[in-house]
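The values are calculated or read from the model by the stated rules, or taken from the named source; none is laboratory data. Nothing here was measured: the structure is a model prediction, and the numbers come from that model. Heads up, the Cβs are rebuilt from the backbone with ideal geometry, glycines too, and the neighbour counts pull from every protein chain shown.
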């Protein structure tokens with residue numbers, strides 16, 4: 001996993017979705033009970049990822065949104081350098 | 001309440017994208033003429049939708065050009081309603097006319113201009129700054145026409161216009177006024193467009209309610225109805241359009257933006273309105289539906305209408321938003337005007353935009369409800385309903401009638417008690433020079449509020465949630481299936497979620513209208529705090545948010561008391577909540593009210609549980625104090641161009657009325673909890689008035705010297721501390737008094753329980 005990308009995604013989630021940083025691990029289930037993201041949050045993640053990496057998440061599956069790890073993998077695979 | 005006053009509509013005013021007056025709008029609606037076109041007032045080139053329903057009048061050409069667009073639209077519609085009703089605003093009768101206006105986005109155009117100026121390196125104009133809060137709208141409209149009755153701004157997002165008419169009926173029936181201009185106004189602005197764009201809730205094309213349901217099209221406008229007691233209307237020989245029978249208000253307690261898919265909250269409000277109007281579901285012949293055009297709304301609303309009117313066989317429905325666009329806080333008022341025209345002329349406007357194929361599909365979805373498609377129908381109807389369902393899960397419904405049956409109310413006279421108090425107050429910090437509340441996630445975890453819920457809440461909503469939970473705990477109330485519909489909420493706030501509004505607007509100024517935050521947008525509406533409180537606690541009853549300066553924290557208690565006395569609820573949470581962040585600090589500093597020669601800003605939230613006697617006795621509830629009277633008063637003495645003016649006569653009248661309601665004399669009162677905030681002129685004025693009425697010996701308590709100017713939270717705190725003082729035997733009785741813009745004062749009198 002690319003830690004640099006993961007850390008940027010974590011920072012974005014903390015800032016845009018007010019998730020407490022100390023409760024957010026790379027493998028935390030984002031849409032599970034603890035973090036509790038919903039459909040509005042997923043829209044915010046799409047915009048956040050696009051702003052950070054220029055990666056369009058509109059083709060991503062539900063599984064890609066599962067955690068910071070899966071989002072990082074998607075960004076790595078679709079990022080154009 | 002055996003002898004319920006008839007309330008009638010005696011005047012109409014309307015401006016929206018399909019016309020500049022009520023007749024023109026109704027004619028357009030019957031002809032299916034849409035006002036939706038490409039957005040003109042800002043650049044949407046990077047957005048996926050470019051549609052809007054704008055009014056074709058420049059702001060500078062409205063109301064002498066001196067007001068922001070939301071207020072200016074309200075002034076235009078109010079002027080038409082006044083003329084239509086034959087009211088003479090130069091006569092003595094003008095002093096009795098109250099103004100209740102709903103708004104969702106309030107001065108959003110002023111917010112944009114103010115921060116755009118600052119972004120460009122300027123200072124931001126004082127005029128824009130003063131026009132930002134919803135608190136000023138009704139007072140400014142009242143002052144413009146020299147209407148001297150009480151004012152209120154209802155800020156329940158898309159249900160605000162309907163709730164304003166509902167409140168007007170209650171005030172008239174409660175003996176608090178004979179005639180009100182009631183309605184709503186909202187301007188087309190970048191803030192809501194960017195918000196709904198971010199939520200992907202805009203239709204890329206013209207909206208298509210109850211049809212393709214691919215999203216809303218935003219609109220703008222204002223609707224104002226003259227709501228008047230029947231006796232008053234007859235006495236002055238007014239033309240009467242129809243009766244307004246009653247209303248229903250409910251909460252979904254489900255989600256901050258989405259309606260309940262099972263339609264429970266919508267059905268609850270429809271049934272409440274029908275019952276409160278003394279009718280049955282079979283009586284209703286036309287429903288002006290909420291019909292926004294989002295898939296979630298339309299699906300839930302199809303279900304609600306089909307279920308509520310199953311067996312009616314005669315009911316028709318349409319959404320005029322297909323032509324007017326969704327005018328947010330004005331929507332319910334605009335639709336109320338169109339509904340009154342429909343019932344009086346016997347012509348029912350359609351939902352537009354259907355192809356032949358669509359009409360076939362509609363028949364499948366509509367069940368036994370006749371959804372009027374494309375063309376109006378002519379039908380002599382007697383009872384019609386207008387529904388609004390808003391963000392925060394707030395639902396409101398009103399019923400109009402051509403010839404009313406006898407209205408049956410189950411309400412009788414009751415004593416009201418304060419049975420619970422929850423407070424959050426600020427502590428002074430040398431760093432900020434403000435009183436700010438010390439709350440964090442651990443504070444909430446102690447009450448079982450999980451991170452997943454808490455992170456959604458903005459500062460205002462967090463403050464409100466905490467005081468609300470504490471008040472329920474203090475009152476010993478657990479919300480469950482048995483009582484969830486018997487408890488309601490009335491939020492008072494002076495400035496609302498100003499931090500969220502400012503930050504959202506600054507974001508779109510910086511990044512573009514296409515880059516608004518979907519996460520932040522739901523919290524820019526003033527009623528989000530009340531919505532979250534209902535969602536967390538499960539309260540499904542009455543839910544209204546009033547924004548009217550500091551005195552909102554007392555006006556909420558007046559409105560809550562009314563909701564109980566009318567039999568809507570047994571228990572009401574009445575609150576006052578205002579935040580203090582760096583944004584609030586900036587705005588009050590720019591206004592010149594904070595700091596040297598001004599006050600110290602504070603924040604907090606106070607929730608008081610107001611309860612009906614038999615409910616309190618049955619529960620064995622602790623009773624802090626008894627509410628013996630509540631009143632509001634306003635006048636137009638002094639310089640009406642200055643909405644921060646003080647009025648000795650209005651303050652005196654508020655006190656006179658509250659004493660009269662309680663059947664008490666000035667010498668019976670042992671203490672006043674006043675509104676003094678450290679500004680010498682205000683403090684001296686207040687003391688002088690009290691001394692004149694109550695004598696030199698009257699004890700005056702001021703909470704703001706210990707907790708800062710926390711606006712609505714201060715007013716509620718005055719009330720709560722008085723209740724505690726009485727409970728603990730320090731005083732026998734007392735009055736809490738507060739003030740708002742345009743010389744509005746509220747007073748609540750408490751005695752021993």
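What's the total number of residues in segment B:73-113 that are without any contact (Cβ under 8 Å) to a residue 24 or more places away in the chain and touching a helix residue (DSSP H, G or I) at 6+ places or on another chain (Cβ under 8 Å)?
2
Buried (at least 23 other Cβ atoms within 10 Å of the Cβ) and not in a loop (DSSP other than H, G, I, E, B): is that true of residue B:333 in this structure? Break it down into steps so the answer makes sense when it comes.
Details: buried (at least 23 other Cβ atoms within 10 Å of the Cβ): yes; not in a loop (DSSP other than H, G, I, E, B): yes.
It is true that residue B:333 is buried (at least 23 other Cβ atoms within 10 Å of the Cβ) and not in a loop (DSSP other than H, G, I, E, B).
Search segment B:449-461 for residues being within 8 Å of chain A (Cβ to nearest Cβ) and outside any helix (DSSP H, G or I), and hand back the single one that is nearest to residue B:519 (Cα to Cα). Even if it seems obvious, please write down each step before you answer.
Keep residues of segment B:449-461 that are within 8 Å of chain A (Cβ to nearest Cβ), which gives B:450-453, B:455-456.
Narrowing the set further to residues that are outside any helix (DSSP H, G or I) leaves B:450, B:455-456.
Working: B:450: 18, B:455: 10, B:456: 8 Å.
Out of the qualifying residues, it is B:456.
So, residue A:55, is that one more than 11 Å from the chain's Cα centre (by Cα), more than 9 Å from chain B (Cβ to nearest Cβ), buried (at least 16 other Cβ atoms within 10 Å of the Cβ) and modelled with pLDDT of 95 or more or not?
Values: more than 11 Å from the chain's Cα centre (by Cα): yes; more than 9 Å from chain B (Cβ to nearest Cβ): yes; buried (at least 16 other Cβ atoms within 10 Å of the Cβ): yes; modelled with pLDDT of 95 or more: yes.
The answer is yes for residue A:55.
Can you tell me which residues in segment A:19-36 are within 8 Å of another protein chain (Cβ to nearest Cβ) and either loosely packed, with under 13 Cβ neighbours inside 10 Å or touching a residue at least 24 places away in the same chain (Cβ under 8 Å) (or both)? Spell out the reasoning first.
Of all residues in segment A:19-36, those within 8 Å of another protein chain (Cβ to nearest Cβ) come to A:19-20, A:23, A:33-36.
If the condition is that a residue be within 8 Å of another protein chain (Cβ to nearest Cβ) and either loosely packed, with under 13 Cβ neighbours inside 10 Å or touching a residue at least 24 places away in the same chain (Cβ under 8 Å) (or both), then A:33 is the only one that fits.
Report whether or not residue B:686 is in contact with a strand residue (DSSP E or B) (Cβ under 9 Å, 6 or more places away or on another chain), assigned to a helix (DSSP H, G or I) and buried (at least 22 other Cβ atoms within 10 Å of the Cβ).
Values: in contact with a strand residue (DSSP E or B) (Cβ under 9 Å, 6 or more places away or on another chain): yes; assigned to a helix (DSSP H, G or I): yes; buried (at least 22 other Cβ atoms within 10 Å of the Cβ): yes.
The answer is yes for residue B:686.
If residue B:64 meets every condition in (1) part of a loop (DSSP other than H, G, I, E, B); (2) modelled with pLDDT under 95 apart from one, which number is that one?
Single failed check for residue B:64: (1).
Looking at segment B:213-220, can you tell me whether even one residue there is surrounded by fewer than 24 Cβ atoms within 10 Å (Cβ to Cβ), more than 14 Å from chain A (Cβ to nearest Cβ), assigned to a strand (DSSP E or B) and more than 20 Å from the chain's Cα centre (by Cα)?
Within segment B:213-220 (the criterion being surrounded by fewer than 24 Cβ atoms within 10 Å (Cβ to Cβ), more than 14 Å from chain A (Cβ to nearest Cβ), assigned to a strand (DSSP E or B) and more than 20 Å from the chain's Cα centre (by Cα)), the answer is no, since none of the residues qualifies.
So residue B:423 fits all but one of (1) in a helix (DSSP H, G or I); (2) crowded, with 18+ Cβ neighbours inside 10 Å; what number is the exception?
For residue B:423, the exception is condition (1).
Within segment B:346-389, which residues are outside any helix (DSSP H, G or I) and modelled with pLDDT under 95? Talk me through it step by step, then tell me what you get.
Our first condition is that a residue be outside any helix (DSSP H, G or I); within segment B:346-389, this holds for B:346-355, B:367-389.
Selection gives B:367, B:368.
Select from segment B:639-653 the residues that are over 17 Å from residue B:689 (Cβ atoms) and free of Cβ contacts under 8 Å to residues at least 60 places away in the same chain and write down the one among them that is nearest to the chain's Cα centre (by Cα).
Among those residues, the one meeting the criterion is B:642.
For residue B:258, only one of the following conditions fails: (1) surrounded by fewer than 24 Cβ atoms within 10 Å (Cβ to Cβ); (2) in contact with a strand residue (DSSP E or B) (Cβ under 9 Å, 6 or more places away or on another chain). What is its number?
Failed condition: (2).
Identify the residue in segment A:5-18 that is at pLDDT 95 or above and over 13 Å from residue A:49 (Cβ atoms) and, among all such residues, is farthest from the other protein chains (Cβ to nearest Cβ).
Checking each candidate, the answer is A:7.
Would you confirm whether any residue within segment B:68-78 is surrounded by fewer than 20 Cβ atoms within 10 Å (Cβ to Cβ), at pLDDT 95 or above, under 27 Å from the mean Cα position of the chain (by Cα) and more than 19 Å from residue B:192 (Cβ to Cβ)?
no
Going through segment B:498-524 one residue at a time, which ones are more than 14 Å from every other protein chain (Cβ to nearest Cβ) and within 21 Å of residue B:329 (Cα to Cα)? Please lay out each step first, then the result.
Taking segment B:498-524 and keeping what is more than 14 Å from every other protein chain (Cβ to nearest Cβ), we get B:498, B:501-502, B:505-506, B:509.
Selection gives B:498, B:501, B:502, B:505.
Looking at this structure, is residue B:584 over 30 Å from residue B:752 (Cα atoms), touching a residue at least 60 places away in the same chain (Cβ under 8 Å) and crowded, with 18+ Cβ neighbours inside 10 Å? If you could, list the steps in order and put the result at the bottom.
Working: over 30 Å from residue B:752 (Cα atoms): yes; touching a residue at least 60 places away in the same chain (Cβ under 8 Å): yes; crowded, with 18+ Cβ neighbours inside 10 Å: yes.
Considered against the rule, which asks whether it is over 30 Å from residue B:752 (Cα atoms), touching a residue at least 60 places away in the same chain (Cβ under 8 Å) and crowded, with 18+ Cβ neighbours inside 10 Å, residue B:584 comes out as yes.
Out of all the residues in segment B:1-36, which are within 17 Å of residue B:73 (Cα to Cα) and part of a helix (DSSP H, G or I)?
Within segment B:1-36, the first condition is being within 17 Å of residue B:73 (Cα to Cα), and the residues that meet it are B:11-25, B:35.
Once the filter is applied, which keeps residues that are within 17 Å of residue B:73 (Cα to Cα) and part of a helix (DSSP H, G or I), segment B:1-36 yields B:22, B:23, B:24, B:25.
Given the structure, is residue A:44 surrounded by 19 or more Cβ atoms within 10 Å (Cβ to Cβ), under 11 Å from the mean Cα position of the chain (by Cα) and within 23 Å of residue B:194 (Cα to Cα)?
Judged against the criteria, residue A:44 is a match.
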